[in-house]
């Protein structure tokens, strides 16, 4: 079971999320309606995934993530908000959230998003993922020396790696790069071989560790 903490200032919405999540797969370990309550509750209950609204009394969802930044055992954050504004999306992702979905998401998709974030994936709806890619697409991680593993990859393989690590399906990557899904699959196979990884999950963790996502 995945330990989940809910942060939202609408009690009715929190109740709906509790009802939507299968208690055999998810344990709701706590709830909060504002930043102060969220910080105290998350520290007390040590959840694995925090469902976090972006707009909250006391500073907003980003303040929750920032307030827990120094903690040794950090939960993974999945923003769940009514807002699909680009600045809201980019702000909370820059703070450290692993995904962002809107409150129009269905129960099955929400459960899947929680499990994927828990497993290390980055999860966005396609439109919101576009905001993130636009904002971070030109970012180059600052390092003191070149990364021999990353240097093995061609520019196209790096592009594919970044999309896959952010949770895109092969067909979505193909549309973004104007190539076929089979070509995407070929690039992913090459990346896994060169990096000596065995799964998409390991690829996502590898990219996250190097701040490529």
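None of the figures in this text is laboratory data; all of them are computed from the coordinates on show. Note that the structure is predicted; figures quoted are calculated from it, not measured. Note: ideal-geometry Cβ built from the backbone for every residue, glycine included; neighbour counts use all protein chains shown.
With the simple model of a label 7 Å out from the Cα in the direction of the Cβ, residue 55 to residue 94 spans 2.0 nm. Bridge orientation summary for the chain: considering DSSP beta bridges with both residues in this region, about 0 percent are antiparallel.
Where only DSSP H runs of four or more residues are counted, the chain gives -15000 deg cm²/dmol as its mean residue ellipticity at 222 nm, each run worth -39500 (n - 2.57).
When 170, 163, 201 are sorted by how many other C-beta atoms sit within 10 angstrom of their C-beta, beginning with the fewest, the order is 201, 170, 163. The fraction of all Cα pairs in the stretch 1-68 landing in successive 10 Å bins from 0 to the largest distance is 24, 55, 21, 1, given as whole percents. For helix 126-136, report the angle its Cα long axis makes with the longest principal axis of the Cα atoms of the chain; keep it between 0 and 90° and round to the nearest 10°. So the inclination is approximately 70 degrees. Annotation for residue 202 and residue 13: the two label points, set 7 Å from Cα along the Cα-Cβ direction, are 3.9 nm apart.
May I ask for the angle, rounded to the nearest 10°, between helix 86-95 and the longest principal axis of the chain, with both axes built from Cα atoms and the value confined to 0 to 90°? So the inclination is approximately 90 degrees.
For the stretch 99-118, list residues with backbone N below 20 Å from a point placed 7 Å from the Cα of residue 209 toward its Cβ? Taking a point 7 Å out along Cα→Cβ of residue 209, the residues of the stretch 99-118 whose backbone N falls under 20 Å are 117-118.
Here the peptides 105-117, 55-67 are ranked by packing, the mean other Cβ count within 10 Å, and the order with the highest first is 55-67, 105-117. Using every pair of separate Cα atoms, the Kirkwood estimate puts the hydrodynamic radius of the chain at 17.9 angstrom. What separates the Cα centres of the stretch 87-122 and the stretch 35-68 is a distance of 15 Å. Taking each residue as 0.36 nm, the span from residue 74 to residue 149 lengthens on full extension beyond its C-alpha to C-alpha distance by 24.3 nm.
Helix 181-195 sits at what angle to the longest principal axis of the chain, using alpha carbons and giving 0 to 90 degrees rounded to 10? Result, in degrees: 90.
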